[in-house]
Amino acid sequence: MQEWGDIDRRSQMRVANILTCLDWEKLGQKQHQGKRQVVWKKATPPPSVEEIINEQTQSQQGISTPSIPTTPNPNNISDSVKAKVKQEEKKLEVKSEKGIAKPQSQSGQHIQASTPINWLSYPYQSRDVYTLENRANKVKDRVLGCGTNNELISLHAEGKVTEVEIDWLKANLLSDSELTQLTVIEGTKQGNLFNQEPEPKVIDWEDIKEEIDCNMQRLGWSEKRGKEYLIKRYSKSSRLHLTDGELIEFSNFLKSK
């Protein structure tokens with residue numbers, strides 16, 4: 001057996017490799033009995049993920065960490081930290097439903113911003129989106145600006161709105177409160193509470209139809225051409241299917257040509 005002073009360089013390297021394999025690490029040299037000797041120490045394993053989380057939680061609470069526990073203790077987490085974790089979890093749940101949170105209105109009205117409006121479906125003689133959007137909003141203002149159903153009928157008669165346009169507004173553009181307002185307008189016959197507005201003029205529909213026939217004959221319109229116009233304008237193949245407002249609008253259109 002060799003004495004300590006007789007250990008050669010090769011044996012020293014072998015011992016060093018063995019200590020390294022056993023997770024010992026070299027700290028340096030230290031004076032011992034008049035000689036400098038290498039000092040070794042058992043290496044400390046790196047902390048686990050749970051230990052790091054526990055250490056961060058305790059540091060936020062101002063608690064010193066004399067020793068690192070192997071697993072986090074739920075009792076050490078404050079109520080504020082728990083509440084924050086639950087809040088973040090709720091945010092993730094909302095985002096995961098459709099990628100975005102659902103828009104909500106402060107007044108509780110129906111919101112259609114989540115579904116883009118197809119302006120090209122608006123029943124008007126144009127394929128320009130900008131023109132269709134302006135027309136739809138203008139008709140909306142005209143309709144909601146009425147005080148009674150009589151005023152609404154007048155808009156039909158003057159050709160400023162059509163029945164199909166109003167139906168489109170109801171299905172695509174009007175909010176819940178605006179739909180309610182339009183329902184009130186359509187159900188109101190008198191001009192005000194004192195009924196000072198005169199009764200609407202009685203319209204003879206047979207005279208309107210005869211006037212349409214005369215104007216079509218004057219313009220040289222055949223029955224086929226009139227049918228094509230009705231399909232293009234009102235999506236209806238016969239004037240018998242037109243509403244009162246559409247029939248008056250069609251008559252005024254022929255009269256103005």
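The values are calculated or read from the model by the stated rules, or taken from the named source; none is laboratory data. Nothing here was measured: the structure is a model prediction, and the numbers come from that model. Positions of Cβ are backbone-derived with ideal geometry, glycine not excepted, and every protein chain shown enters the neighbour counts.
Just name the residue that is nearest to Leu120 (Cα to Cα) out of those in the stretch 134-156 that are assigned to a loop (DSSP other than H, G, I, E, B) and among the small types (Gly, Ala, Ser). Taking the candidates together, the pick is Gly145. When the stretch 231-242 is filtered for residues that are closer than 18 Å to Tyr122 by Cβ and surrounded by 15 or more Cβ atoms within 10 Å (Cβ to Cβ), the ones remaining, listed by number, are Arg233, Tyr234, Lys236.
The residues of the stretch 206-257 that are in contact with a Ser or Thr (Cβ under 9 Å, 6 or more places away or on another chain), under 26 Å from Asp167 (Cβ atoms), in contact (Cβ under 8 Å) with a residue 24 or more places away in the chain and of a type in the set (A, V, I, L, M), listed by number, are Ile208, Ile212. Filtering the stretch 125-152 down to residues that are surrounded by 17 or more Cβ atoms within 10 Å (Cβ to Cβ) and among the β-branched types (Val, Ile, Thr), which residue is farthest from Lys255 (Cα to Cα)? The residue in question is Thr148. Just so you know, in the stretch 237-250 the residues that are under 19 Å from Lys224 (Cβ atoms) and either outside any helix (DSSP H, G or I) or not aliphatic (A, V, I, L, M) (or both) include one that is modelled with the lowest pLDDT, and it is Arg239. Among the residues of the stretch 157-178, the ones that are more than 23 Å from Ile248 (Cα to Cα), part of a helix (DSSP H, G or I) and touching a residue at least 40 places away in the same chain (Cβ under 8 Å) come to 3 in all.
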